[in-house]
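This report refers to the structure that appears directly beneath it.
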Amino acid sequence: MKLPDRGIASILQMISSDKARLRNRLRRLEGQIGGVTRMLDADRDAQDLLTQLQAARAALARVEAEILQSLVDAWLARAQAGGRSPEATAEMRRLLKHALR
């Protein structure tokens with residue numbers, strides 16, 4: 001989603017400094033999901049599969065939380081500089097509501 005007024009133009013711009021770290025986390029998560037698929041193909045125990053799926057879900061939630069934190073940090077930095085419009089504030093609220101559902 002894009003905010004009006006110069007606001008938060010792109011989530012990738014906001015997290016550019018964290019992009020490599022986030023990409024690494026997502027690659028590990030891809031490997032983890034691949035492992036779950038192999039476990040399923042090998043008829044592994046259901047409890048082991050569920051444990052791995054829970055771990056993958058937690059890892060994905062951490063990536064989401066980091067992206068959201070970067071978004072909020074960028075928004076707050078601009079707000080302190082006086083560059084926030086009421087529309088941008090409303091859009092941030094919509095983004096947060098979407099992320100927290």
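Some notes on this structure:
- Hits in region 47-101 (condition: aliphatic (A, V, I, L, M) and more than 27 Å from Val36 (Cβ to Cβ)): Leu71, Val72, Ala74, Leu76, Ala77, Ala79, Ala81, Ala88, Ala90, Met92, Leu95, Leu96
- All conditions but one from (1) surrounded by 14 or more Cβ atoms within 10 Å (Cβ to Cβ); (2) under 13 Å from the mean Cα position of the chain (by Cα); (3) modelled with pLDDT of 75 or more apply to Arg23; the one that does not is (1).
- Of the residues screened, Thr37 is not one that is part of a helix (DSSP H, G or I), β-branched (Val, Ile, Thr) and modelled with pLDDT under 80.
- Check on Ile11, closer than 24 Å to Arg101 by Cβ and either at pLDDT 80 or above or of a type in the set (D, E, K, R) (or both): no
- Selected residue [part of a helix (DSSP H, G or I), farther than 24 Å from Lys19 by Cα and small (Gly, Ala, Ser)] from Ala61, Ala74, Ala56, Ala90: Ala90
- Residue in region 40-49 that is part of a helix (DSSP H, G or I) and basic (Lys, Arg) present: no
- Residue check, Gln47 touching a helix residue (DSSP H, G or I) at 6+ places or on another chain (Cβ under 7 Å), modelled with pLDDT of 90 or more, of a type outside the set (Val, Ile, Thr) and more than 22 Å from Arg101 (Cα to Cα): no
The values are calculated or read from the model by the stated rules, or taken from the named source; none is laboratory data. Keep in mind that what you see is a predicted model, and the values were worked out from it rather than measured. Here the Cβ is made from the backbone with ideal geometry for all residues, glycine too, and neighbour counts use every protein chain on show.
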